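The structure under discussion appears below in the form of structure tokens.
The values are calculated or read from the model by the stated rules, or taken from the named source; none is laboratory data. Values in this document were obtained by computation on a predicted structure and should not be read as measured data. Every residue, glycine as well, gets a Cβ built from its backbone with ideal geometry; the counts of neighbours run over all protein chains shown.
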Amino acid sequence: MTLISTIADSIAAVTWTTADHDYYKILWGCVLNKYGLADCVAEAKYRNDLATYTDYVAAGFIEAQAQMRGIYGSALTVEIRRTLVGMTMLYHVPKNYETGGVGYFHAYRYGIQNLYGFAKTLNCNVASWDSGFAWQEAKQACVDLGHGFARFNPVTGTEEGASNRFYDENAESLHFLLRLYLVDPVNNAEALTYARDTLWTYLNSYHWNGTDHYDYQGPAWTGYECEGSFFPIIIGELRAANGYSLTDWDHLLIDIKARFLNGGWDSPQWTFGVTRCYCVNHHHDSTHQHRNAGTLGAWIMLHAYYQLLDAASQTAMTTLLDGATKAWEYLIGATAALYDGASKMFRAVNSGAYSEQHTAYGLVTLFLMGIVPQTGSLYIPLKEFMYEVACLNDYFLFDYTNRKVRIPVKAGSIKFIYGASSVTYTFLSDGVYELNFNAAWTFIDKVKKVGNLDSSLAYVEEVTEYPKTDDSQFKSLVSRFHGTRGRPSLSVTRHALYLEGPDAVTDWYIKAYRESMIDAVIVPKTSQNLALNAGYFVSLDALGFTQTLCRTGDLLVDGAGRRWEIKTVVPATIGDTLYFYQCDLKELPLNG
Amino acid sequence: MVDDARYNTKVYLKAYLNNANLTEDNDIYYSGAAGTADAGGSNTTTIDTERTEAMDYWNGYYIKYGSGPNAGCERLITDFDSAIDKLWHDAFPYAVATGDTYVISKISTQVSFIVAYGNPDYALERVFIDKVVDLAFSIGTPDTEGLPVGIGYLEKVPITIWTIDKTGITGTELRWKAEAELRRVCEAYPLGSLRDTEKISDNEKNLGSTILYSVTHVMRYKRYAI
């Protein structure tokens, strides 16, 4: 038995021809190349037609996941508009939970945070989906409770803090604020400030045990709890939004190592007491329950963080994946008890029924367990899609039928262990690659780099084309402009262009933008002066300098509200070391 | 009155271009090579005394083995030293053995391309970089000129081909291939009179780290009145 034969068996065990209105099956089925635009549209329409608040939540989930997978089209846009209009709003947050006849916005039942971005992009029902009001309403709930919320209703002023857990309430509330910040970084800047300076600080003062991990409920209930698989994804997003800098970041890396790696399979998140589980266990000290979703989340997170780990931790991780008994063999083994050897199906926890939904979860876990990072690794965008779903965007594909795998790569060698013998390939540069395997999955027939990594997405390490220096050169350049006439903008909003699906009329791709704040010097033509070094010349309307990897087509908005389109990007380097990117900018005619 | 298809020239042409064949088998510029490995190769090198081409000639091509332990595998050639008849390529799973047969080609699969109307309202090169497209055909708005009553119309359709440099093939080479295919497609287009194409522009636009290649042809033909 090989990993690929195990995957083949489980794929065959699932009836893919019907999605069963199961949006998790669709979500992971898209990664497995089983579903596409038509399935997402059909499911969104089905949910919108039902028109209950829970169905609108489901519709929002499927629409957002479609966009994340690069699946987009006019029919889906129609459904997104229906969801935006149909959803019941409690002032500016959606009702996604109800108890005792009262509606709430629930921190970990939402899965709809992307709808704020849709409303803005489509200019649909923006008065209700106002991210500026929404973050203030969410912040107020946190202020009143003194920590993150489980749910709140801003209309009635009702707030519930549940048990003040590190992930469920605090990280999820932080994540909601972070998402709202990203919808409008200029006007919602305080949402990031509150998430970082209050909620993240609180997590480190109350939930950090002072040594090596975040406790489940702080001192009220200590120990390692399974949401440690997802917690680092959110905090990594926070750090990226904060310019790849975050106080107490070292706590998170210590937590990951202590929780999953330092003790190998005896590490506390793989165990109940001293009993090995070989998958994520609910609570190390007090609850013996194996978690399928948590296990997938753990392997997404570990792959994402691999490039930041020290050598010993990297070795510990690869030993889990590729030891004498491999992670995938343990996952389908009797001890983990998540897999049924007869039906070839997985289940949610180590008791109860096996299901197609959780087989889809298990299949994606097996896909990731076949990839063993070496000097190279996976360059995974950090995005918690909803509660306990750390999502894989369209950089990922496992197409068993055509023996094709698509992955985002940090350059270096990576080992693949799907077949009876392993195969290692050395990737020469960062990027998204497609690999075609032979029939036995023991050779890689063909490798094709199919794209660059999108620098506007969040990662554990900022994407750049060159090794980055410290920013002294950039600061030196900035300082030259201080005190000169026409002092340049420094804090600039970047609208990173990304392309959705083909337009139904022209067949060109529909454009959209992601906003973020970056440091950039913009030197308009009228302010050209001696502060520009020899060799720099404003050839269009302005010249831009930044250390953030921008692309042509991106827009920059300076402090005065002027909008500039990036026409060219040229790295200023010495050898392979980046100083900054130099951009030719064209001013767009209408501000705002 | 003219035939209905006149009003759908863009649609018809798009459908034809969507079937463009841009694989190496219609490649009129590159013949590639085939050979048999001599002794001394490894998993990252192939030696063949038959390789007498100029230094670095095969850089950027792909080598695919048809026999031996690497049969079916294809790798990018990174260097060629004609003095010692040696090719360096990305690593194969196994060492190349004496007698293993191979072919060298420029592109071994269908070029990834799209056919669209007009130009997008954003930086065009992002289509290539973000959407993994190798080539784009852009069909412009036809210009129609009336002929004497009862004869029909003279129709001119601008078609632009856009490319960038890709691993293994330059944007210029891709553009040449697409031009050849465009001529073939225009000749196969079934409606109206004999079609000819006129090249009206040929550009290379340097965008810093990317060069955007384009060429615009005008397909010209008569549409007859019915």
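Listing for the model above:
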item	result
Residues of the stretch A:495-512 satisfying the condition of being among the hydrophobic types (A, V, I, L, M, F, W, C) and either crowded, with 18+ Cβ neighbours inside 10 Å or touching a residue at least 12 places away in the same chain (Cβ under 8 Å) (or both)	A:Ala496, A:Leu497, A:Leu499, A:Ala504, A:Trp508, A:Ile510, A:Ala512
Top-ranked residue of the stretch A:424-463 - restricted to ones that are under 20 Å from B:Ile77 (Cβ atoms) and assigned to a loop (DSSP other than H, G, I, E, B), ranked as nearest to the other protein chains (Cβ to nearest Cβ)	A:Phe443
Positions within the stretch A:548-592 being surrounded by fewer than 20 Cβ atoms within 10 Å (Cβ to Cβ) and acidic (Asp, Glu), in sequence order	A:Asp576, A:Glu587
Residue identified as polar (S, T, N, Q), closer than 12 Å to B:Val103 by Cβ and either away from chain A (no Cβ under 14 Å) or within 28 Å of the chain's Cα centre (by Cα) (or both) among B:Thr45, B:Thr36	B:Thr36
Number of positions in the stretch A:191-220 that are of a type in the set (Asp, Glu) and assigned to a helix (DSSP H, G or I)	1
Filter result (hydrophobic (A, V, I, L, M, F, W, C) and in a loop (DSSP other than H, G, I, E, B)) within the stretch B:35-79	B:Ala37, B:Ala39, B:Ala54, B:Met55, B:Trp58, B:Ala71, B:Cys73
Test result for B:Glu181, away from chain A (no Cβ under 14 Å), over 30 Å from A:Tyr581 (Cα atoms), among the charged types (D, E, K, R) and in contact (Cβ under 8 Å) with a residue 40 or more places away in the chain	yes
Conditions (1) touching a Cys at 6+ places or on another chain (Cβ under 6 Å); (2) assigned to a helix (DSSP H, G or I): number failed by B:Arg183	(1)
Exclusive hit being surrounded by 23 or more Cβ atoms within 10 Å (Cβ to Cβ), touching a residue at least 60 places away in the same chain (Cβ under 8 Å) and part of a loop (DSSP other than H, G, I, E, B), set A:Leu392, A:Leu366	A:Leu392
Every residue from the stretch A:132-167 that is surrounded by 17 or more Cβ atoms within 10 Å (Cβ to Cβ) and in contact (Cβ under 8 Å) with a residue 60 or more places away in the chain	A:Asn153, A:Pro154, A:Arg165, A:Phe166, A:Tyr167
Scan of the stretch B:129-138 for residues that are in contact with a helix residue (DSSP H, G or I) (Cβ under 9 Å, 6 or more places away or on another chain) and either within 19 Å of A:Asn452 (Cα to Cα) or facing chain A (nearest Cβ under 9 Å) (or both), ordered by number	B:Val133, B:Asp134, B:Leu135, B:Ala136
Residue within the stretch A:485-494 that is hydroxyl-bearing (Ser, Thr, Tyr), surrounded by 19 or more Cβ atoms within 10 Å (Cβ to Cβ) and more than 10 Å from chain B (Cβ to nearest Cβ) present	yes
Test: residue in the stretch B:99-115 that is modelled with pLDDT of 90 or more, more than 30 Å from A:Glu565 (Cβ to Cβ) and in a loop (DSSP other than H, G, I, E, B)	yes
Those residues of the stretch A:245-301 which are surrounded by 19 or more Cβ atoms within 10 Å (Cβ to Cβ) and without any contact (Cβ under 8 Å) to a residue 12 or more places away in the chain, in sequence order	A:Ser267, A:Trp270
Number of the exception - A:Phe346 against (1) in contact with a helix residue (DSSP H, G or I) (Cβ under 8 Å, 6 or more places away or on another chain); (2) hydrophobic (A, V, I, L, M, F, W, C); (3) surrounded by fewer than 16 Cβ atoms within 10 Å (Cβ to Cβ)	(3)
Out of B:Thr172, B:Thr101, B:Thr163, sole residue that is touching a residue at least 60 places away in the same chain (Cβ under 8 Å) and away from chain A (no Cβ under 14 Å)	B:Thr101
Filter result for A:Leu499 (outside the structural domain of A:Ser245 (by TED's automatic domain parsing), within 25 Å of the chain's Cα centre (by Cα) and at pLDDT 90 or above)	no
Filter result for the condition that a residue is buried (at least 19 other Cβ atoms within 10 Å of the Cβ), over 30 Å from A:Trp16 (Cβ atoms), more than 23 Å from the chain's Cα centre (by Cα) and without any contact (Cβ under 8 Å) to a residue 60 or more places away in the chain, over A:Phe481, A:Phe443	A:Phe481
Residues (charged (D, E, K, R) and within 14 Å of another protein chain (Cβ to nearest Cβ)) located in the stretch A:554-569	A:Asp554, A:Arg563, A:Glu565, A:Lys567
Odd one out for A:Lys45, checked against (1) touching a residue at least 12 places away in the same chain (Cβ under 8 Å); (2) under 26 Å from A:Pro408 (Cα atoms); (3) of a type outside the set (Asp, Glu)	(2)
Subset tally (residues that are surrounded by 17 or more Cβ atoms within 10 Å (Cβ to Cβ) and of a type in the set (Gly, Ala, Ser)) for the stretch A:14-36	2
Hits in the stretch B:104-122 (condition: in contact (Cβ under 8 Å) with a residue 12 or more places away in the chain and within 7 Å of another protein chain (Cβ to nearest Cβ))	B:Ile114, B:Val115, B:Ala116, B:Tyr117, B:Gly118
Scan of the stretch B:40-54 for residues that are on the phi < 0 side of the Ramachandran plot and either at pLDDT 90 or above or surrounded by 16 or more Cβ atoms within 10 Å (Cβ to Cβ) (or both), ordered by number	B:Gly41, B:Ser42, B:Asn43, B:Thr44, B:Thr45, B:Thr46, B:Ile47, B:Asp48, B:Thr49, B:Glu50, B:Arg51
The stretch B:82-98, subset out of contact with any Leu (no Cβ under 6 Å at 6 or more places or on another chain) and within 9 Å of chain A (Cβ to nearest Cβ), residue farthest from A:Val432 (Cα to Cα)	B:Tyr94
Single residue of A:Ile80, A:Ile112 found to be among the β-branched types (Val, Ile, Thr), buried (at least 22 other Cβ atoms within 10 Å of the Cβ) and assigned to a loop (DSSP other than H, G, I, E, B)	A:Ile112
Qualifying residue in the stretch A:160-167 (condition: outside any helix (DSSP H, G or I), more than 23 Å from A:Phe230 (Cα to Cα) and over 20 Å from the mean Cα position of the chain (by Cα))	no
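Table: residues versus (1) touching an Asp or Glu at 6+ places or on another chain (Cβ under 7 Å); (2) at pLDDT 80 or above; (3) within 22 Å of B:Thr9 (Cα to Cα).
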| position | (1), (2), (3) |
| --- | --- |
| B:Ala188 | no, no, yes |
| B:Ser193 | no, no, yes |
| B:Thr197 | no, yes, yes |
| B:Glu204 | no, yes, no |
| B:Thr210 | yes, no, no |
| B:Tyr213 | yes, yes, no |
| B:His217 | yes, yes, yes |
| B:Arg223 | yes, no, yes |
